[in-house]
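Report on the structure given below.
The values are calculated or read from the model by the stated rules, or taken from the named source; none is laboratory data. This structure is a prediction, so every number in the text was calculated from the model and none was measured. Quick reminder, even Gly has a Cβ in these numbers, built from the backbone with ideal geometry, and neighbours come from all protein chains shown.
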Amino acid sequence: MVCDSCRERDAVVHLTQVVDGTVTQVHLCEKCAADKGVETTVAAPKTPLTSLLQTVQQQLAVGSSDQARCTFCQATYKDFRASGRLGCARCYSAFEPQLRDLLQRVHGSTRHTGRQYAPPAPDELQRASTVLELREQLRRAIELEHFEQAARLRDQLKEVAE
Amino acid sequence: MIDFSLLPDGGTRWLDGSGEHPEVVLSTRVRLARNVEGFAFTSRARDGERLRVLGQLRDAMPKVASLKGGVILRVDELATPDRQLLHERHLVSRELAGLDGTLAVRTGAALVLADEVSVMVNEEDHLRLQAMRSGFDPLGAFGAATALDDELGRHVPYAWQGEFGFLTACPTNTGTGLRASVLIHLPGLVLTKEISKVLAGLQQMGLTYRGLYGEGSEVVGNYFQISNQTTLGKSEVELLDQLSRVVRHVVEREEEARHVLLRDAGYIIEDKLWRAYGTLRYARSLTFDEAMNYLSGVRLALSLKLLSSPSVYTLNKLLIHCQAAHVAQYDGRATLSDGDASVARARFVRDALAADVGSHG
C-alpha cells in the first residue's frame, strides 16, 4: 500500500478517522507521517502538532466518546448528536471536552461574561420542595377520599406557606 | 375555545403601534432560556418531572411581582385550534403548541401570561421568559425580562455553571440564554432588490434572520425577524447593543430605499399601493399570502403618507387575525376549508378596514 500523501513510499502508519459516524482511513509513509507531526512511537512528539493530527485526535475522541454517558439523565453523546439537545445540566460536565469545542465553534467563546447568578438559599428551596410534596400528598388524599388526612395536610400546607 | 378576553390585553399589547419606528419595526422581543436545577431538560424529562417544573413556577408566581395577576394556560389541555390561536398570537412556539409535525404537545406544556411578560413552560428549555414590546424597544423588553428573571431566580433554582453561564438544552443558547429579535417590515429593500445584501451583512455581524413565525418559517409579506445568533462570550448588553446598531442601520437603509422608490418610480409605487388598499377594502376572497402582501403594501403606503388610515394598530391586528385559526374563530368554527377561509378572511379584513375609516372620518 502506498502513502496517501507522497504516493511513492510504502505506507506504514495507518490512521483511522471517524467523521460524523463515517470511518475513513489515512495511510502514510514514515516520512510523511513525521512531516505531518504524527508520531509513530510513544515518545513525546518532537514536532508541533499539525492540524491533521489534531483533527484525527479530535475525531477519534468524538468517535469513542459517542458512547460517553451522563450519569444523571443517562443520555449519551450520540443522543445529543442525533437530537441536537442535551439531556440535562450535568451533560455539560459529562461531555465537557466535546461541548467546549462545539461552543467555541458556535459562539467563538466558551466563557460566559454576562449576568451572574446566585441560586436561592437552601432553606427557601427546602420550603418550596416541602410545599410541593405536601400538595402532592394532599391531591392523593383527596383522590382516595381520605378527607381527615386531607384536612391535616391542608393545615400543614398553610403553615409552611406562611 | 379560549376566551382571550380573560388574558391581559388578549396577549397582544405589543401590537398597539407605539414605540420607536412602529411603521418599520412592528415589535421587539427578548427571551431568556432558563432550566430548573435538578430535573432533566424538557425533551428528556418524564411527565412527572415536567409537572413538577410547572409546580415550582406556580408556587413562585405569587412571590414574583412581574407575574402577579398572571394566568396559567395549560397548553397541554387545550384543543388543537386553541393551541394554534396561541401560536398565531406569537405567544407560544410551534414546539410548545405541539404543532411541529411529529411532536405531540407535551404533558406540562404551559404558558404563563402576565401584564408585561410571559413564560413558556416546558418548551425546549423548562422556562422561556419573554417580554414583547411594540415598535423598536430592545432595552424596554430586556428590562422587563430581566426583572422577571431576577425575581424568579430567587425562588426557582436555575441550572447554572460559572464558566458556561446559564445551561440550556441546545448549546446555541448556552451562556446568556438571550435571544433578542425584532419583527421588521422591509418592502423598500425587497422592491429595490437590496435585501439579499442586507441579509448577508447580518450574518457577518453575528445576527441572523427568519420569517414571521421564527425558526424555519418562510418570509411572507416582506416581514423579517432579525435576532442575535450567539449567546456566549458577550454580555447581554453587548448583544443588545450589537443588535440595536445593526437594526438602526437596516431601518436607515429601508428608509433610503423607500425614498429612491418614490423618486424614481413614484406613480408606479403609488398605483401599486392604492391597488393593494382597494383589494383589501373590497375583495370577496383572500388567501393568507395575498392578504399578507397587500397588507405589506398598505403599511408601506401609510408610512409614505400616501394613506392616512388604517392605523398601524389595525394593520398589526390584521396580521394576526388573517391567520387560519383566527379566521376560523371569527367564522365561529374550529377549522375551515381553504376556500371558506379565504372568504371569511376577506370579510374580516373588509369589516376591520371599514371600521377604521369610520373611526378616522
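What to note about this one:
- Top-ranked residue in the range B:321-345 [being at pLDDT below 90 and under 25 Å from residue B:14 (Cβ atoms); ranked as surrounded by the most Cβ atoms within 10 Å (Cβ to Cβ)]: B:329
- Members of the range B:125-153 that are facing chain A (nearest Cβ under 8 Å) and modelled with pLDDT under 95: none
- Residues within the range B:155-186 that are in contact (Cβ under 8 Å) with a residue 12 or more places away in the chain and more than 20 Å from residue B:207 (Cα to Cα), tallied: 11
- In a residue-by-residue description of the range A:103-116, the property of being part of a helix (DSSP H, G or I), charged (D, E, K, R), more than 9 Å from chain B (Cβ to nearest Cβ) and within 27 Å of residue B:156 (Cα to Cα) applies to no position.
- Residue in the range B:209-222 that is surrounded by fewer than 18 Cβ atoms within 10 Å (Cβ to Cβ) and within 14 Å of chain A (Cβ to nearest Cβ) present: yes
- For the residues A:102, A:138, the requirement of being at pLDDT 90 or above and surrounded by 15 or more Cβ atoms within 10 Å (Cβ to Cβ) singles out A:102.
- Hits in the range B:37-52 - residues which are of a type in the set (A, V, I, L, M) and surrounded by fewer than 23 Cβ atoms within 10 Å (Cβ to Cβ): B:51
- Checking B:127, B:99, B:103 one by one, the residue that is in contact with a Lys or Arg (Cβ under 7 Å, 6 or more places away or on another chain) and free of Cβ contacts under 8 Å to residues at least 24 places away in the same chain is B:99 and no other.
- Odd one out for residue B:194 among (1) under 20 Å from residue B:112 (Cα atoms); (2) at pLDDT below 95: (1)
- Count of residues meeting criterion [charged (D, E, K, R) and within 9 Å of another protein chain (Cβ to nearest Cβ)] in the range B:163-182: 1
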